[in-house]
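K.L.:
Supplied in structure tokens, the structure appears directly below.
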Amino acid sequence: MPDTLKLGTRGSPLAMAQARKVAAAIETAQRWPDGYVELVPVTTSGDKVQDRPLAELGGKALWTKELDRALLAGEVSFCVHSMKDVESVRPPEIHIAAVRPRGDVRDRIIGADSIDALKKGAVIGTSSPRRAAQLLRLRPDLKIVTLRGNVERRLKAVESGEIDATLLAAAGLKRLDMSIGTAIPTEIILPAPGQAVIGMECRTNDTRTQSVLTTINNQITYDCVMAERALTRALGASCASPVAAFCVLEDGDLRMRAQLFSEDGSEMVEDRAVFDCGDCNAPAELARALLAKAPDSIRKLFAAR
């Protein structure tokens, strides 16, 4: 049996729950004993600083840079991430080796039965520019305030009356065995690129770990999330860019729907594309088409403008 694999992960309850699921899947696939994949919690900058928006602190790298350092230093064999939190451009020394089957991509509203049911002028807590823009597009009367932190922190903010409601990812709640809130159809709120996908990264030159991770890869989800990442990469999107995208496999083709918003949600452009699995040029073309017809209020939020 090979040496123990060390799995690097953020230390939040949700990240640990996701990491345990990945470890269990690997142990089952490899017929290794329980606990053979060792979890190594790493505290990230994003976990340390929670009173300011990510865009002010350095963006999505706040979730990955400490894990990247541990991986490249050989302190861990691979890292587990929520793919929506991983920058679309990664260091060449790091390889996205596998993803797990996609979970429920919908957002759930906590604090009300629906967006329509929110009282006039309701205060909504979120740190997501996408969610803020989508909510304001549907309900311009809402007041959006920055709310970061783990799921428990966000739920306490609603329970205490600090805010009236918040949106949380359905997949994350399920991984925490929480059945709360009301799911919002994707026709109303389109998810973030990479939402509900757990991914695994290892060193590009570590073929042994890559081989192990491949045994639990879901290829359909991999193709879909790589297409979504190709879109955000071509857009020059950052954590401050209100972008929504969802790719699915249907009748042998990948079908993607994407939306870009102004910060206040008053303006939006949308388009769709159908393309072959593994084709990352088509999502890039879709990105260019979206930016070409977007007003300045949207284009200024993307580096590829």
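K.L.:
Given [x] 0.92; [y] 0.96; [z] 1.04 as candidate values of Rg/Rh (Cα atoms, Kirkwood Rh), which corresponds to the one derived from the coordinates?
P.N.:
Answer by label: [y].
K.L.:
Asp34 to Asp296: FRET efficiency via 1/(1 + (r/R0)^6), r the Cβ-Cβ distance, R0 45 Å, to the nearest 0.05?
P.N.:
For R0 = 45 Å, the calculated efficiency reads 0.20.
K.L.:
Hey, can you grab everything whose amide H is under 5 Å from the amide H of Ile144? Only 5+ residues off in sequence or another chain; H modelled, so Pro and N-termini drop out.
P.N.:
Under 5 Å from the amide H of Ile144 lie the amide H atoms of Ile124, each far enough along the sequence or on another chain.
K.L.:
What does the charge count near Gly181 come to, summing +1 for each Lys or Arg and -1 for each Asp or Glu among other residues with Cβ under 13 Å from its Cβ?
P.N.:
For residues surrounding Gly181, the net value is 0.
K.L.:
How big is the gap, in Å, between the Cα center of region 120-194 and the Cα center of region 243-305?
P.N.:
23
K.L.:
Treat the count of other C-beta atoms within 10 Å as a stand-in for reagent exposure and order Asp3, Asp107 from fewest to most.
P.N.:
Listed from fewest to most nearby Cβ atoms, that is Asp3, Asp107.
K.L.:
Reachable aspartates and glutamates from Lys119, Cα under 14 Å, same-chain residues fewer than 8 places away excluded?
P.N.:
Within the straight-line cut-off, Lys119 pairs with Asp141, Asp164.
K.L.:
Lys and Arg at +1, Asp and Glu at -1: add these up for the other residues within a Cβ distance under 13 Å of Asn281 and post the number. Show your work: numbers first, answer last.
P.N.:
On the way: positive: Arg233, Arg288; negative: Asp276, Asp279, Glu285.
Here the charged neighbours net out to -1.
K.L.:
Around Cys277, which amide H atoms from residues at least 5 apart in sequence, or from another chain, sit under 5 Å from its own amide H, with H modelled in the peptide plane?
P.N.:
Leu254
K.L.:
Roughly what % of DSSP beta bridges within the chain run antiparallel, to the nearest 5? Write down the numbers at each step before the final one.
P.N.:
On the way: 32 of 45 bridges.
Percentage antiparallel, nearest 5: 70.
K.L.:
Using θ = phi - 60° and the Karplus curve 6.51 cos²θ - 1.76 cosθ + 1.60, what whole-Hz ³J(HN,Hα) does each residue of region 36-41 get, with Gly and Pro shown as x?
P.N.:
5, 8, 8, 7, 10, x
K.L.:
Let me ask something else. Fewest first, what order do Met178, Met83, Met226 take by the number of other Cβ atoms within 10 Å?
P.N.:
Ordered by Cβ neighbours within 10 Å, fewest first: Met178, Met226, Met83.
K.L.:
Follow-up. Excluding Pro191 itself, calculate the net charge of residues whose Cβ lies under 9 Å from the Cβ of Pro191, where each Lys or Arg counts +1 and each Asp or Glu counts -1. Let's see the in-between values first.
P.N.:
Details: positive: Lys84, Arg106, Arg130; negative: Asp107.
Overall, the nearby charge balance is +2.
K.L.:
Oh, and also: For region 232-237, in order, what is each residue's ³J(HN,Hα) by Karplus, 6.51 cos²θ - 1.76 cosθ + 1.60 with θ = phi - 60°, in whole Hz (x at glycine and Pro)?
P.N.:
5, 5, 5, 6, x, 6
K.L.:
Using a Förster distance of 30 angstrom, determine the FRET efficiency expected from the C-beta separation of Asp253 and Thr204, and round it to 0.05. Kindly include the intermediate steps, with their values, before the conclusion.
P.N.:
On the way: r = 30 Å, r/R0 = 0.99.
After rounding to 0.05, the efficiency reads 0.50.
K.L.:
Further, regarding this structure: Order by neighbour count: Ile110, Ile115, fewest other Cβ atoms within 10 Å first, most last.
P.N.:
By the 10 Å Cβ count, ascending, the order reads Ile115, Ile110.
K.L.:
A further question follows. Which of the aspartates and glutamates could a cross-linker span from Lys300 if the Cα-Cα distance has to be under 12 Å and same-chain partners fewer than 8 positions apart are dropped?
P.N.:
Correct list for Lys300: Glu263.
K.L.:
Can you spot the lysines whose alpha carbon is less than 28 Å from Lys21's alpha carbon? Ignore those fewer than 8 places along the same chain.
P.N.:
Those lysines meeting the cut-off are Lys6, Lys48, Lys60, Lys65, Lys84, Lys156, Lys174.
Every number here is computed from the coordinates shown, using simple stated rules; none is lab data. Being a predicted model, the structure only gives us computed values, none of them experimental. Using ideal geometry, Cβ is built from the backbone for each residue, glycine included, and neighbour counts are taken over all protein chains shown.
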